[in-house]
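Read through the structure below, which is laid out as structure tokens, and then see the notes.
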Protein chains: 2
Amino acid sequence: MTNPMELIAEPVAEFPCPPLGAAELSAADAERMAGMFKALADPVRLRLFSRVAAHHSGEASVCDIQNVGVSQPTVSHHLKKLREAGLIISERRGTWVYCRVAPGVLPAMARMLAPKD
Amino acid sequence: MTNPMELIAEPVAEFPCPPLGAAELSAADAERMAGMFKALADPVRLRLFSRVAAHHSGEASVCDIQNVGVSQPTVSHHLKKLREAGLIISERRGTWVYCRVAPGVLPAMARMLAPKD
């Protein structure tokens, strides 16, 4: 029997990275952080991420966010990239897939970009 | 007579973008913001940016930051990309070029990524 609450999620990234201005970044941290920035470096992907982040209920169905001028398969492709980067998590409930911003990811990214004192 | 303080700077980007979680992003804002994330989406470029941001004096000469395992022309190429994205400003003084993080850019990016209340 299949579970109707099938969770479609990549492991949530951990963010022990120091603020960019506080210490020089190691090669390994740079690789990981660059991957997150890369996920937001596409305008359509960034708009989709913004729609998920700004949705009033805290989560958005794919139906809610897909009118950004690209095909539904393209939306799915971008959501997969955002999931793989640990920026969103998705959950299937019946017919629909619902997305939300991965817990902690926005404060962690904001912390990375905090200017040094 | 050439000016020894020749400023090598792109116009500093303005950042009126709302926090990603506060409102849906327009196509134009998404284009601009994606460009900034793209500039940080390369591990070597991110390390160079981090070295500039973390330098104790607030600015770094190209000499200070270039030991990231790539050639000097590659360093110059990456610094140009960071300048074009409005993330750093550079200034030539005599033989050396000095870089610093563009004023306001780190708090502006952090604000974009601030989670909604």
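Read phi for every residue in segment A:53-60 and hand back ³J(HN,Hα) as whole Hz from Karplus 6.51 cos²θ - 1.76 cosθ + 1.60, θ = phi - 60°, with x for Gly and Pro.
Residue by residue, segment A:53-60 yields 5, 8, 5, 4, 8, x, 9, 10 Hz.
May I ask you to derive the FRET efficiency for B:HIS77 and B:ALA28 from their Cβ-Cβ distance with R0 = 30 Å, giving the value to the nearest 0.05?
Calculated transfer efficiency: 0.65.
For B:ILE88, list long-range residues whose amide hydrogen, built 1.01 Å from N in the peptide plane, is under 5 Å from its own amide hydrogen.
Here B:ARG83, B:ALA102 satisfy the definition.
Between chains B and A, what is the buried accessible area in Å², counting both sides, with a 1.4 Å probe and ligands, DNA and RNA left out, to the nearest 100?
2900 Å²
May I ask you to evaluate 6.51 cos²θ - 1.76 cosθ + 1.60, the Karplus curve with θ = phi - 60°, for each residue of segment A:79-93 and list the ³J(HN,Hα) values in order in whole Hz, giving x for glycine and proline?
For segment A:79-93, the Karplus curve yields 5, 4, 4, 5, 5, 4, 7, x, 8, 10, 10, 10, 9, 8, 10 Hz.
Calculate one ³J(HN,Hα) per residue across segment A:21-27 by plugging θ = phi - 60° into the Karplus curve 6.51 cos²θ - 1.76 cosθ + 1.60, and present them in order as whole Hz with x for glycine and proline.
x, 8, 7, 5, 7, 6, 4
Could you pull out every residue, at least 5 positions away or on a different chain, whose amide H is within less than 5 Å of the one on B:SER61? Hs are placed 1.01 Å off N in the peptide plane, and Pro or chain starts have none.
B:CYS99
The values are calculated or read from the model by the stated rules, or taken from the named source; none is laboratory data. Quantities reported herein were computed from a predicted structural model and do not represent experimental measurements. Cβ sites come from the backbone with ideal geometry, for glycine too, and all protein chains shown count toward neighbours. Calculation scope for accessible area: heavy atoms of the full protein, side chains included, ligands and nucleic acids excluded. Shrake-Rupley method; radii C 1.70, N 1.55, O 1.52, S 1.80 Å.
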